[in-house]
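**Student:** Take a look at this one; I'll ask things after.
The values are calculated or read from the model by the stated rules, or taken from the named source; none is laboratory data. None of the values given here were measured: they were computed from a predicted structure. Quick reminder, even Gly has a Cβ in these numbers, built from the backbone with ideal geometry, and neighbours come from all protein chains shown. For the accessible areas, the whole protein counts, side chains as well, though only heavy atoms, and no ligand, DNA or RNA atoms are used. Shrake-Rupley method; radii C 1.70, N 1.55, O 1.52, S 1.80 Å.
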Amino acid sequence: MSDLLYPIKWLSKASAGDRVAHELRMRIISGKIESGTVLSENKLAADFSVSRSPVRDALKVLASERIIRLERMGAVVVGLSKQDIQEIYDVRLLIETFVFERIVKMDRKDLVRELSKVLEMMKIAIKYKDADEFSYQDVLFHETIIRSIDHGYVSMMWQNLKPVMESFILLSMRQRLDDDIEDFERILENHALYIEAIETGDRKRMIASLHQNFDDVQEVEDLWKSQQLMTKGVEPHD
C-alpha cells in the first residue's frame, strides 16, 4: 500500500500483522478510511503484500480497540466518536493521576533526569522539524512517568491505550508543524512544567501540570479535528 501514514522507521521490529494494524489504525483515525467501509481480507492482503493470516491478526487487534467491527461479510470500520476520544483521555488522566500519587512517595531524581533527557530530544526534533520524532519522544515522556512506579496492571492499561494515543499525537503534531511551528515552544514549556512539578513532589502542582498538558497541549477538540486532516472518500473494499 502506497503513501503509508505510519512511520516506516518505527516498524523495523514489527511483525507483519503489527505493520498492517499500525497503518490501518492511522488511516481510520485520520479519516482516510471512512466509517462504514468494509475491509476485505483479500484486498488488504494484496495491498500490504502479505498473506491473509497477518491481516486477520491486525483486524482482531483493531476490533479489540473498537475502531472496527468484525462481521461475516468482513470487517466494518466504526472509527472513533468524539465521546470515544474523550473517554480515552479520561482513562489516561486516571492512570497518570494514580501514578503521580505513587511518585510522591518515591525518590524522583532518576525520573527527573530521564524526563529531562527526553525533553532535550523533543527540542532537537523541533530544531530539525521532525514531527514524527517529536511524537515518539512525547509518547516516551509519558510512558517513562508511568513505568517509573513499576505497576504491572497500570502498564498493561497504558499499553492498551498507547496505539490509539500514538496515532492521535502523530496526526496532531504533523499538522501543528505545518500550520504553527511556533506552538511547539508552548508545548515544550508545558513539558518542562511537568518535570518541575514531579521534582517538587507537590501533588497540587503535579495535578495542575497534568491537566494543563491534557487541556491545553493535547486538547480533545484539537485531536478530534486531526481526524479530518486526510483526504476523505476512500472507496469501500470489495
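**Student:** What residue among S81, S30, S135 shows peak mean-square fluctuation when the chain is described by a Gaussian network model with Cα springs under 10 Å?
**Tutor:** Looking only at S81, S30, S135, the largest GNM fluctuation is found for S81.
**Student:** Within the chain, which is the longest segment that contains none of the GluC sites (Glu not before Pro) sitting in a DSSP loop with at most 16 other Cβ atoms within 10 Å?
**Tutor:** Numbers: sites that count: E34, E182, E219.
Between the exposed loop sites, the longest stretch runs 35-181.
**Student:** Taking Cα atoms, how many degrees apart are the long axis of helix 131-147 and the longest axis of the chain, rounded to 10 and kept between 0 and 90?
**Tutor:** Helix 131-147 sits at roughly 60 degrees to that axis.
**Student:** Sticking with this structure for a sec: If you take the beta carbon distance between S116 and Y153 as r and set R0 to 30 Å, what does 1/(1 + (r/R0)^6) give as a FRET efficiency, to the nearest 0.05?
**Tutor:** The value I calculate is 0.60.
**Student:** Moving on to the next point. Which whole-Hz ³J(HN,Hα) couplings does the stretch 93-105 yield from phi under the Karplus relation 6.51 cos²θ - 1.76 cosθ + 1.60, θ = phi - 60°, glycine and proline marked x?
**Tutor:** Along the stretch 93-105, the couplings run 5, 4, 4, 6, 5, 4, 4, 4, 4, 6, 4, 4, 8 Hz.
**Student:** What angle do you read, to the nearest 10 degrees and between 0 and 90, between the alpha-carbon axis of helix 152-179 and the longest principal axis of the chain?
**Tutor:** 80
**Student:** Could you look at the stretch 67-119 and say what percent of its accessible area is carbon and sulfur, using a 1.4 Å probe and all protein chains?
**Tutor:** Within the stretch 67-119, the accessible surface is 54 percent carbon and sulfur.
**Student:** How high is the relative contact order of the chain, in percent, counting Cα pairs under 8 Å that sit 6 or more residues apart?
**Tutor:** On the way: 265 pairs, mean separation 64.7, N = 238.
Computed over the chain, the figure is 27 percent.
**Student:** Okay, next question. State in Å² the accessible area per residue of the stretch 82-224; use a 1.4 Å probe, count heavy atoms of protein chains only, and round to the nearest integer.
**Tutor:** 50
**Student:** I'd like the orientation of helix 16-30 relative to the chain: the angle between its Cα long axis and the longest Cα principal axis, in ° from 0 to 90, rounded to 10.
**Tutor:** 80
**Student:** Same structure again: Would you mind giving the three semi-axes, in whole Å and largest first, of the ellipsoid equivalent to the chain according to its Cα gyration tensor?
**Tutor:** 33, 19, 16
**Student:** Using only helices, what value at 222 nm comes out for the chain when you add -39,500 (n - 2.57) per DSSP H run of length 4 or more and divide by the total residues, to the nearest 500 deg cm²/dmol?
**Tutor:** -21500 deg cm²/dmol
**Student:** Using the structure shown, list the pairs from K129/K162; K82/K162; K117/K204; K32/K127; K127/K204 with a Cα-Cα distance above 26 Å, or answer none.
**Tutor:** K32/K127; K127/K204
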